[in-house]
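J.: Got a structure here, written out as structure tokens. Questions coming.
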Amino acid sequence: ANAVSLKRDLEVPFQRGPGAYERLVYRRQLAIAVASVAVHAEVRDGKVVWARVAAGAVAPRVLLCPRTAEAIVGMPARVAAPSQVAAAIQALAMETFPISDPRASRAYRAGALGEALRAALGRIREA
């Protein structure tokens, strides 16, 4: 027999720092995103010292992206070099597996995901 269990109590460690969530949808009322990225970071002495990244709408479930988070750690909090942002986007591309469906092609989703990450990183640096 197949069983489904739900965990009601979930402990989430708290880390201080800014967070940003970016998602691409075709219409505001459309609940399903084409691609989405959430970034949470801790900034000390002007640099990102801890980060967590999650990507949505690119797999059957939300994916944590530890390699992308590693690429963000060490970035300056104000202005990151384009090569640092590009490295984070490349890491995200390696950790996600967008699909093609009637809403968007795989290539479009991959590009949207990269731009969502770029936008989220910009918002974190502004915080």
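Every number in this text was worked out from the coordinates using simple rules, so none of it is lab data. The structure displayed is predicted, hence computed values, not measured ones. Cβ sites come from the backbone with ideal geometry, for glycine too, and all protein chains shown count toward neighbours.
J.: Just one of (1) without any contact (Cβ under 8 Å) to a residue 60 or more places away in the chain; (2) touching a strand residue (DSSP E or B) at 6+ places or on another chain (Cβ under 9 Å); (3) surrounded by 19 or more Cβ atoms within 10 Å (Cβ to Cβ) trips up Ile89, so point out which.
T.: (2)
J.: Moving to a separate point now. Tell me which residues, restricted to region 49-60, are outside any loop (DSSP other than H, G, I, E, B), closer than 18 Å to Phe97 by Cβ and either free of Cβ contacts under 8 Å to residues at least 40 places away in the same chain or β-branched (Val, Ile, Thr) (or both).
T.: Val53, Ala54, Gly56
J.: Right, here's the next one. Any residue in region 87-103 that is closer than 15 Å to Gly122 by Cα and hydroxyl-bearing (Ser, Thr, Tyr)?
T.: no
J.: One residue is enough: does region 70-80 have a residue meeting the conditions charged (D, E, K, R) and surrounded by fewer than 15 Cβ atoms within 10 Å (Cβ to Cβ)?
T.: Checked region 70-80: at least one residue is charged (D, E, K, R) and surrounded by fewer than 15 Cβ atoms within 10 Å (Cβ to Cβ).
J.: Something else: Please list, ordered by residue number, the helices (runs of 4 or more DSSP H) wholly in region 61-127 having 2 or more residues that are among the polar types (S, T, N, Q) and in contact with a helix residue (DSSP H, G or I) (Cβ under 9 Å, 6 or more places away or on another chain).
T.: Qualifying helices (runs of 4 or more DSSP H): 82-95.
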